[in-house]
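**Student:** Just passing along the structure, written as structure tokens.
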């Protein structure tokens, strides 16, 4: 078993908090494993020691962002059952690692592990071991993440490790956009490189090609290229019915189209590519023929809409109340530039009421009609006659209305007043059992009570006060 030892020096805001972090050891092990390109199980953290916080005077060369941080020394070991040649290659990689590169790997490890509450900068990395360096150490083996990747050791377990840098997957577009964008430049993009995405002919680009980027130091197999879509428009269309080419041109020098006379809408240039992307069919869309408005759905027994058939865009008509209803008329209008055959006329609400309708046949009992056409209560009835027009039972079929007379009640005799309790033994109501309207009856005191008889007029009860009898013992 070969052991390689070393130190990783960090700068953190709070060293004790960094020491106590529950995933600090995991973060450091994974970072060192990625640097050495070995499985994390072969990496161990021997110690994490805090140094004295240095003042800006002691480290004037440090950037201001680092001067307030505290040094941390992480002692690490890499041990694995490998040969001396493989160990020498790892030692060479670790001894030549640049601080900026280690910082990038540390940040990526935090991202992969989902650790977001650690703030650390790398000041240096040191490798101290009795293992000799590789006889031919790679030139610039660990550059900052760019186009080149760290050299992969050539023996032992390290042959199964994935290189730190991977080419991004070929750029693919949606099926419906495959004829729109040219992505041939983005099919095998190395880490850190940029490719160009263009509009495919015969589409016209509204600007320069956009960029696709493969992340620097990409270690994810088949990682997608990050790209933005260029703005591509359809080529110039041919003239067609309903459209007219204006004298104006847009910013690209293309013609501006308008709707021809008798049409309305907003013209738009559209195009459909052929199935094999060998050509494009361009056409105009958005202008529709002007049409008349639809007759509104109304109660045909209540409204007369005979004047509102086939009203053209912008025109008006009169919507009236239908006889025998009264209420005048209102104006209905078809909106300007109407292209919808189902669009109904717009109109202000109209109130139509039934005020005149045929007399009921036969006349209901209790009502008579005067010579001047007014209704009154018949002989033997009392009240105020009211003639009200209402919808007939077959209104929806024949628009029939009917007159309904109300207000007259039959005149009847008054009944005997009701008395309860002791009053039933006091008053004699025999003569008041059935009294005609307007007539009077007498109420007497029952024997042995005495008193003066009192008349009750107009069927209303007026009780008299009867004297009391004193019974001796």
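Any read-out appearing in this document is the output of simple, stated calculations on the displayed coordinates, not a laboratory observation. Here the structure is a predicted model, which is why all the values come from computation and not from measurement. Neighbour counts run over all protein chains shown; Cβ positions are idealised from the backbone, glycine included.
**Student:** Which whole number of Å³ per residue matches the convex hull of the alpha-carbon atoms in segment 243-289?
**Tutor:** Taking the convex hull of the Cα positions in segment 243-289, it is 80 Å³ per residue.
**Student:** Using alpha-carbon positions, what is the distance between the centroids of segment 230-246 and segment 101-126, in Å?
**Tutor:** Their Cα centres are 55 Å away from one another.
**Student:** A further question follows. Report the extension gain between residue 434 and residue 196 in nm, rounded to one decimal, defined as 0.36 nm multiplied by the number of residues separating them, less their alpha carbon distance.
**Tutor:** Fully extending the segment from residue 434 to residue 196 adds 74.4 nm.
**Student:** Let me ask something additional. May I ask you to derive the FRET efficiency for residue 14 and residue 220 from their Cβ-Cβ distance with R0 = 35 Å, giving the value to the nearest 0.05?
**Tutor:** Numbers: r = 32 Å, r/R0 = 0.92.
Efficiency, from the Cβ-Cβ distance: 0.65.
**Student:** Sticking with the crude label model, points 7 Å out along Cα→Cβ, report the distance from residue 285 to residue 247 in nm, one decimal please.
**Tutor:** Spacing of the two 7 Å Cα→Cβ label points: 3.1 nm.
**Student:** Right, something else. Determine the gain in length on full extension of the stretch residue 23-residue 388; use 0.36 nm per residue of separation and subtract their C-alpha separation, reporting nm with one decimal. Before the final figure, lay out the partial values.
**Tutor:** Numbers: separation 365, 0.36 × 365 = 131.40 nm, distance 9.00 nm.
My answer for the length gained is 122.4 nm.
**Student:** Please list 172-182, 23-33 highest first by mean number of surrounding beta-carbon atoms within 10 Å per residue. Could you put the intermediate results ahead of the total?
**Tutor:** Working: 172-182: 14.3, 23-33: 20.0.
Ranking the peptides 172-182, 23-33 by packing returns 23-33, 172-182.
**Student:** Expressed as a whole number of Å, what is the distance separating the alpha-carbon centroids of segment 256-273 and segment 372-446?
**Tutor:** Distance between centres, Cα-based: 77 Å.
**Student:** Based on the Cβ-Cβ distance of residue 336 and residue 117, what FRET efficiency does E = 1/(1 + (r/R0)^6) give at R0 = 60 Å, to the nearest 0.05? Spell out each step's value before the answer.
**Tutor:** On the way: r = 63 Å, r/R0 = 1.06.
That pair, residue 336 with residue 117, gives E of 0.40.
**Student:** Treat each spin label as a single point 7 Å out from the Cα along the C-beta direction, and report the residue 425 to residue 396 distance in nm.
**Tutor:** So the two model labels end up 6.6 nm from each other.
**Student:** Using 0.36 nm per residue, how much length does the chain from residue 53 to residue 348 gain when fully extended, once their Cα-Cα distance is taken away? Write out the running numbers ahead of the final one.
**Tutor:** On the way: separation 295, 0.36 × 295 = 106.20 nm, distance 8.30 nm.
Taking residue 53 through residue 348 to full extension adds about 97.9 nm, to one decimal.
**Student:** Applying 1/(1 + (r/R0)^6) with R0 = 25 Å to the Cβ-Cβ distance of residue 187 and residue 278, what FRET efficiency is obtained, to the nearest 0.05?
**Tutor:** On the way: r = 21 Å, r/R0 = 0.82.
That gives a FRET efficiency of 0.75.
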